[in-house]
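Novice: Below you will find the structure I want to go over with you.
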């Protein structure tokens with residue numbers, strides 16, 4: 001067995017310990033801030049599912065709101081968001097942002113036409129605006145849903161899913177998140193679904209990044225990998241440094 005698989009087997013053996021550690025972290029952050037609860041953006045994907053499940057485990061379902069925010073989203077993601085809510089007892093709201101998105105594009109595009117990527121990032125930022133509107137009103141915190149793999153290569157939207165008050169997944173690679181998902185009772189349909197930010201039809205993380213999560217996670221965990229893939233990973237890491245740092249200030 002190679003080093004990567006050995007690492008994952010060892011992690012799988014301590015999933016309950018990892019869950020308990022992260023639940024304690026969430027309680028300390030939320031209670032220490034004086035907040036009454038947590039708001040989580042639900043995408044129908046595995047990272048938001050695990051973030052929400054950890055928050056429910058830590059705080060109880062009465063203190064967690066998950067918000068599904070479709071913007072011309074694929075039906076499978078809506079189905080999986082509902083399946084997650086039923087599986088973990090999540091209080092799930094649907095806030096349909098299609099009209100808001102359409103109005104934003106109608107106001108912007110006469111001045112600056114937008115590519116699919118810019119439109120996708122606009123969707124992410126509208127979703128974060130929604131989460132903070134609810135959190136501000138309730139005096140709650142917004143939970144981040146980005147994992148270590150995404151953060152390392154900057155695969156998140158600045159001012160969108162890269163913005164939150166705390167992150168219970170920041171030290172977990174995508175493979176480790178999957179192992180926690182199974183232990184937390186996340187539905188198989190979510191665990192096995194190809195990762196996608198749902199920014200446009202047919203979009204997947206791996207297609208956009210240009211390498212697989214197995215290649216990325218193997219490199220992050222063991223330092224091993226094809227030289228071309230490692231070069232691509234490190235280039236993305238360098239180019240996305242601004243997403244992991246405070247803005248330059250004079």
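The values are calculated or read from the model by the stated rules, or taken from the named source; none is laboratory data. Every value quoted in this text rests on a predicted model; they were computed, and no experiment measured them. All Cβ positions, even for glycine, are placed from backbone atoms using ideal geometry, and neighbour counts span all protein chains on display.
Novice: Those residues that are surrounded by 11 or more Cβ atoms within 10 Å (Cβ to Cβ), on the phi > 0 side of the Ramachandran plot and without any contact (Cβ under 8 Å) to a residue 40 or more places away in the chain, I need them from segment 198-250; list them, please.
Specialist: 210, 225 - these are the residues of segment 198-250 that are surrounded by 11 or more Cβ atoms within 10 Å (Cβ to Cβ), on the phi > 0 side of the Ramachandran plot and without any contact (Cβ under 8 Å) to a residue 40 or more places away in the chain.
Novice: Next up: With the condition being touching a strand residue (DSSP E or B) at 6+ places or on another chain (Cβ under 6 Å) and closer than 14 Å to residue 142 by Cα, I'd like the strands (runs of 3 or more DSSP E) fully within segment 34-96 carrying at least 3 qualifying residues. I'd like the intermediate steps shown before the answer.
Specialist: Details: elements: 38-42, 64-68, 91-94.
In segment 34-96, 38-42, 64-68 are the strands (runs of 3 or more DSSP E) which contain 3 or more residues that are touching a strand residue (DSSP E or B) at 6+ places or on another chain (Cβ under 6 Å) and closer than 14 Å to residue 142 by Cα.
Novice: Is it the case that segment 223-234 has a residue that's touching a helix residue (DSSP H, G or I) at 6+ places or on another chain (Cβ under 8 Å) and closer than 30 Å to residue 141 by Cβ?
Specialist: No, that holds for no residue.
Novice: Could you list, in sequence order, all residues of segment 145-165 that are more than 12 Å from the chain's Cα centre (by Cα) and over 20 Å from residue 233 (Cβ atoms)?
Specialist: Of everything in segment 145-165, those that are more than 12 Å from the chain's Cα centre (by Cα) and over 20 Å from residue 233 (Cβ atoms) turn out to be 159, 165.
Novice: May I ask you to verify whether residue 9 is free of Cβ contacts under 8 Å to residues at least 12 places away in the same chain and either surrounded by 12 or more Cβ atoms within 10 Å (Cβ to Cβ) or over 26 Å from residue 131 (Cα atoms) (or both)? Don't jump to the end; show me each part of the working.
Specialist: Numbers: free of Cβ contacts under 8 Å to residues at least 12 places away in the same chain: yes; either surrounded by 12 or more Cβ atoms within 10 Å (Cβ to Cβ) or over 26 Å from residue 131 (Cα atoms) (or both): yes.
Taking the combined requirement at face value, the residue satisfies it.
Novice: Something else: So, of the residues in segment 102-120 that are crowded, with 17+ Cβ neighbours inside 10 Å and under 22 Å from the mean Cα position of the chain (by Cα), which turns out to be modelled with the lowest pLDDT?
Specialist: 120
Residue by residue, here is whether (1) surrounded by fewer than 19 Cβ atoms within 10 Å (Cβ to Cβ); (2) closer than 17 Å to residue 27 by Cα; (3) at pLDDT below 95 holds:
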site: 40; (1), (2), (3): no, yes, no
site: 51; (1), (2), (3): no, yes, no
site: 55; (1), (2), (3): no, yes, no
site: 63; (1), (2), (3): yes, yes, no
site: 69; (1), (2), (3): no, no, no
site: 86; (1), (2), (3): yes, no, no
site: 89; (1), (2), (3): yes, no, no
site: 93; (1), (2), (3): yes, no, no
site: 100; (1), (2), (3): yes, no, no
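Novice: Within segment 42-73, work out how many residues are under 26 Å from residue 206 (Cα atoms) and over 17 Å from the mean Cα position of the chain (by Cα).
Specialist: Kept after step one, since they are under 26 Å from residue 206 (Cα atoms), are these residues of segment 42-73: 42-54, 66-73.
With over 17 Å from the mean Cα position of the chain (by Cα) added as a condition, the list becomes 72.
Result for segment 42-73: 1.
Novice: For segment 19-38, name all the residues that are within 18 Å of residue 176 (Cβ to Cβ) and crowded, with 18+ Cβ neighbours inside 10 Å.
Specialist: 19, 22, 23, 26
Novice: It is to be established whether one or more residues within segment 179-190 are touching a residue at least 12 places away in the same chain (Cβ under 8 Å), under 25 Å from residue 71 (Cα atoms) and surrounded by 22 or more Cβ atoms within 10 Å (Cβ to Cβ).
Specialist: Checking segment 179-190: at least one residue is touching a residue at least 12 places away in the same chain (Cβ under 8 Å), under 25 Å from residue 71 (Cα atoms) and surrounded by 22 or more Cβ atoms within 10 Å (Cβ to Cβ).
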